[in-house]
Amino acid sequence: MSVDQNTVRHIARLARIAVRDDELEALANELNGILSWVEQLGEVDTDGVEPMTGAVEMVMKWREDKVTTGNLQKEVTANAPGGDDGFFVVPKVVE
Amino acid sequence: MSDPIKLSLAEARDALKAKKISAVELTQAYVDEVEAGAGLNAYVLPTAEHALNMAKASDAKLARGEGGALEGLPLGVKDLFCTEGVRTTACSHILVGFVPPYESHVTSNLWRDGAVMLGKLNNDEFAMGSSNETSYYGSVINPWRRAGDTTPLVPGGSSGGSSAAVAARMCLAATATDTGGSIRQPAAFTGTVGIKPTYGRCSRWGIVAFASSLDQAGPITRDVRDAAIMLGSMAGYDPQDATSVDRPVPDYELALGQSLKGLSVGIPKEYRVDGMSSEIDALWDKGIEWLKAAGAVIKEVSLPHTKYALPTYYIVAPAECSSNLARYDGVRYGLRVEGSDITDMYEKTRAEGFGDEVRRRVLMGTYVLSAGYYDAYYLKAQKVRSLIAHDFIKAFADVDVLLTPTAPSAAFGIGENSDDPLAMYLNDVFTVTVNLAGLPGISVPAGLSSQGLPLGLQLIGRTFDEETLFKAAYAIEEAAGVQPAPAAWWKA
């Protein structure tokens, strides 16, 4: 499998990163270099192997269903660029 | 005291308790060192005033005969740890000006125990790199140079500010994080000790996330005893991190000096990789001899899936990073570049805010998680990860600890490997397996290369058996003898 420039444009869109047209070729080459290297995993027989989804086997702990924090509007919005009066601000979304 | 910066963390702790020096004197000495070493670019934000205020409070406690395990000891903090009221950026442009309203669990443990913060340390952007060259704040310069050569070398990465600052005596010890080798490889490149504990030993709460199933915090220190003291403070259960493990933190210092008689040490044959320098090979053999002389039994073991660890990592880590870094949207914190609509704003903000390596990994991760490729790449990698972890379980049925080199080479020059991402990724060939399996690993200095650069050996242990690592690392340290500090050319 290899990626072409259109695929790079598509994944950059999915990742919400603007990529200039003149960057597409170099990015496609870089990604293909990495992808052809990871292809070697195809040699490994993984039939019947369970995927590993966590680093250490553990049983999730239960906690009491209780509110332990809150009322932090000022702290939560303090770093927002373009924030206003305790709100997050985004460009107009609904016409 | 004539030269307080020569004291190790343990020695400084004892000198403070014995009132041979005050916390303010000790801290002032380090504040001066941080200033004198500014050219190494190890600190991205020195916090001298904050440090001296903390030291004053420590002196008051010490005068009352109180104080915690780290009372009055000046430390550096990797810029990946959120520090309340002190700018934290993960050395990325996208977190420009971010001042966390909360403290990471690991650093709050350090302050609870009385430690003093000297400032925030440089790292690869979002901890993605093996040379500290991807930082938005520029490269860190290794305090070590090749003999008779002034070429600037990398301090390793991603915790390059931490390793350089500890090696250059610009702090007593530093916090660091390790996702694929980011504590151990920089420790090896700078003649320092670095331990990545078992996944879950330190809380990840308040540490800027890169790849959540691999990230772990740990210390970089001058010697093994200091690492044992630091980890004892940093580790511990935290209900705010669902993967934090609730078990007591042992007194790691007690493991130091224990006999190695009967300890079974495995030598994984697959780690003798093609193209490894004869110097690294010889270092490894020397380590084997040292452990043997200390009473350990050496056995060859096999970890057959070793060669698949790096490709597995370069699917799993980018996948998790693309998901974690989705939060940088120009709305809630950090950089914002205005656009014609909300999507345009997101895209412009992230294009401007992420550096090349971070963008590469986000795109790679987005691709392997996208519809049609998920099974072929991501699911496949998770299955191979199971096999890699299983290799270790099998090996540890037979041996107590594994001995390997930490990195395939000594520190290289700035710019030497930065054009080829794959060549850079190979730096982690001996360390990345440990993160995939969730195991603890420590790098300990074991001598100098023919060019006069530090080299490290790595010990890998069973889950939550950091004590055996400290015990064996201490024996290597003893056998290797006193290691020189780098010549302080940066002060000239």
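Where the second residue is among the polar types (S, T, N, Q) and the first is more than 8 Å from chain B (Cβ to nearest Cβ) and lies in the stretch A:69-83, which pairs have Cβ atoms under 9 Å and are six or more apart or on separate chains?
A:Gly83/A:Thr77
Go through chain A and tell me which helices (runs of 4 or more DSSP H), entirely inside it, have 1 or more residues that are of a type in the set (S, T, N, Q) and touching a helix residue (DSSP H, G or I) at 6+ places or on another chain (Cβ under 8 Å). So that I can check it myself, show each step before the final result.
Values: elements: A:5-14, A:24-38, A:73-77.
In chain A, the matching helices (runs of 4 or more DSSP H) lie at A:5-14.
Would you check which residues across the stretch B:330-351 are surrounded by fewer than 20 Cβ atoms within 10 Å (Cβ to Cβ) and under 18 Å from A:Leu24 (Cβ atoms) and list them? Reasoning before the result, please.
Going residue by residue through the stretch B:330-351, those that are surrounded by fewer than 20 Cβ atoms within 10 Å (Cβ to Cβ) are B:332, B:337-344, B:351.
The answer is B:Ala351, and nothing else.
Name the residue, out of B:Val444, B:Val399, that is surrounded by 18 or more Cβ atoms within 10 Å (Cβ to Cβ) and more than 17 Å from the chain's Cα centre (by Cα). Let's see the steps before the verdict.
Values: B:Val444 fails: more than 17 Å from the chain's Cα centre (by Cα).
On inspection, the qualifying residue turns out to be B:Val399.
For the stretch B:192-240, give me the residue count where each residue is part of a loop (DSSP other than H, G, I, E, B) and among the small types (Gly, Ala, Ser).
Here is the first cut: in the stretch B:192-240, the residues part of a loop (DSSP other than H, G, I, E, B) are B:192, B:197-206, B:208-215, B:222-223, B:235-240.
From what's left, among the small types (Gly, Ala, Ser): B:200, B:203, B:206, B:209, B:211-213, B:235-236.
Residues in the stretch B:192-240 being part of a loop (DSSP other than H, G, I, E, B) and among the small types (Gly, Ala, Ser): 9 in total.
So which residues in the stretch B:245-270 are part of a loop (DSSP other than H, G, I, E, B) and in contact (Cβ under 8 Å) with a residue 60 or more places away in the chain?
B:Val245, B:Arg247, B:Pro250, B:Leu256, B:Gly257, B:Gln258, B:Leu260, B:Leu263
Going through the stretch B:81-134 one residue at a time, which ones are within 28 Å of B:Met424 (Cα to Cα), touching a strand residue (DSSP E or B) at 6+ places or on another chain (Cβ under 8 Å) and assigned to a loop (DSSP other than H, G, I, E, B)?
First, the residues of the stretch B:81-134 that are within 28 Å of B:Met424 (Cα to Cα): B:81-82, B:88-96, B:120-134.
Adding the requirement that they be touching a strand residue (DSSP E or B) at 6+ places or on another chain (Cβ under 8 Å) leaves B:81-82, B:88-89, B:91, B:120-123, B:127.
Within the stretch B:81-134, B:Cys82, B:Thr88, B:Thr89, B:Cys91, B:Asn122, B:Asn123 qualify.
Spot the failing condition for B:Met364; the list is (1) more than 7 Å from chain A (Cβ to nearest Cβ); (2) assigned to a helix (DSSP H, G or I); (3) in contact with a helix residue (DSSP H, G or I) (Cβ under 7 Å, 6 or more places away or on another chain), and only one is missed.
Tallying (1) more than 7 Å from chain A (Cβ to nearest Cβ); (2) assigned to a helix (DSSP H, G or I); (3) in contact with a helix residue (DSSP H, G or I) (Cβ under 7 Å, 6 or more places away or on another chain), B:Met364 fails exactly one: (1).
With the condition kept exactly as written, say whether any residue in the stretch B:315-333 is at the interface with chain A (Cβ under 8 Å from one of its Cβ atoms) and over 27 Å from B:Leu214 (Cα atoms).
Looking for residues that are at the interface with chain A (Cβ under 8 Å from one of its Cβ atoms) and over 27 Å from B:Leu214 (Cα atoms), one finds at least one in the stretch B:315-333, hence yes.
Suppose the filter is touching a residue at least 40 places away in the same chain (Cβ under 8 Å) and under 17 Å from B:Arg184 (Cβ atoms); does B:Leu387 pass it?
Details: touching a residue at least 40 places away in the same chain (Cβ under 8 Å): yes; under 17 Å from B:Arg184 (Cβ atoms): no.
No: the conditions fail for B:Leu387.
Would you mind telling me which numbered condition in (1) under 25 Å from the mean Cα position of the chain (by Cα); (2) at pLDDT below 95; (3) at the interface with chain B (Cβ under 7 Å from one of its Cβ atoms) A:Ile17 fails?
A:Ile17 satisfies every listed condition except (2).
Among the candidates B:Ile288, B:Ile267, B:Ile280, B:Ile298, single out the residue that is in contact with a Pro (Cβ under 6 Å, 6 or more places away or on another chain) and either away from chain A (no Cβ under 14 Å) or hydrophobic (A, V, I, L, M, F, W, C) (or both).
Values: B:Ile288 fails: in contact with a Pro (Cβ under 6 Å, 6 or more places away or on another chain); B:Ile267 fails: in contact with a Pro (Cβ under 6 Å, 6 or more places away or on another chain); B:Ile298 fails: in contact with a Pro (Cβ under 6 Å, 6 or more places away or on another chain).
Only one candidate passes the filter, namely B:Ile280.
Name the pairs whose Cβ atoms lie under 7 Å apart, with the first residue in the stretch A:33-53 and under 12 Å from B:Tyr377 (Cα atoms) and within 7 Å of another protein chain (Cβ to nearest Cβ), the second exposed (fewer than 12 other Cβ atoms within 10 Å of the Cβ) and of a type in the set (Asp, Glu), and 6 or more positions between them or separate chains?
So the pair list comes out empty.
Specify which of the listed residues (A:Thr77, A:Thr7) is of a type in the set (Ser, Thr, Tyr) and either more than 21 Å from B:Tyr346 (Cα to Cα) or in contact with a Leu (Cβ under 9 Å, 6 or more places away or on another chain) (or both).
A:Thr7
Could you tell me whether B:Leu303 is crowded, with 20+ Cβ neighbours inside 10 Å and part of a loop (DSSP other than H, G, I, E, B)? First the steps, then the outcome.
Numbers: crowded, with 20+ Cβ neighbours inside 10 Å: yes; part of a loop (DSSP other than H, G, I, E, B): yes.
The answer is yes for B:Leu303.
Check B:Arg336 against each of (1) in a helix (DSSP H, G or I); (2) at the interface with chain A (Cβ under 7 Å from one of its Cβ atoms); (3) among the charged types (D, E, K, R) and name the one condition it does not meet.
(1)
Suppose we keep only residues that are within 26 Å of B:Gln258 (Cβ to Cβ) and at the interface with chain A (Cβ under 9 Å from one of its Cβ atoms) within the stretch B:213-245. Which one would you say is nearest to the chain's Cα centre (by Cα)? Quick ask: steps written out before the conclusion?
Let us first name the residues in the stretch B:213-245 that are within 26 Å of B:Gln258 (Cβ to Cβ), namely B:216-237, B:245.
Retained after the next criterion (residues that are at the interface with chain A (Cβ under 9 Å from one of its Cβ atoms)): B:216, B:245.
Details: B:Gln216: 9, B:Val245: 20 Å.
Going through the qualifying residues, I end up with B:Gln216.
Only one of these conditions is not met by B:Ser370: (1) within 26 Å of A:Thr77 (Cα to Cα); (2) surrounded by fewer than 19 Cβ atoms within 10 Å (Cβ to Cβ); (3) facing another protein chain (nearest Cβ under 9 Å); (4) small (Gly, Ala, Ser). Which number is it?
Only one criterion in (1) within 26 Å of A:Thr77 (Cα to Cα); (2) surrounded by fewer than 19 Cβ atoms within 10 Å (Cβ to Cβ); (3) facing another protein chain (nearest Cβ under 9 Å); (4) small (Gly, Ala, Ser) is unmet by B:Ser370, namely (1).
Quickly run through the stretch A:44-95 and pick out the residues that are among the small types (Gly, Ala, Ser) and surrounded by 10 or more Cβ atoms within 10 Å (Cβ to Cβ). Reasoning before the result, please.
Taking the stretch A:44-95 and keeping what is among the small types (Gly, Ala, Ser), we get A:48, A:54-55, A:70, A:78, A:80, A:82-83, A:86.
Those that are among the small types (Gly, Ala, Ser) and surrounded by 10 or more Cβ atoms within 10 Å (Cβ to Cβ): A:Gly54, A:Ala55, A:Ala78, A:Ala80, A:Gly82, A:Gly83, A:Gly86.
The values are calculated or read from the model by the stated rules, or taken from the named source; none is laboratory data. The shown structure was predicted, so the numbers you read here are calculated from the model rather than taken from an experiment. Don't worry about glycine lacking a Cβ; one is built from the backbone with ideal geometry, like all the others, and counts go over all protein chains shown.
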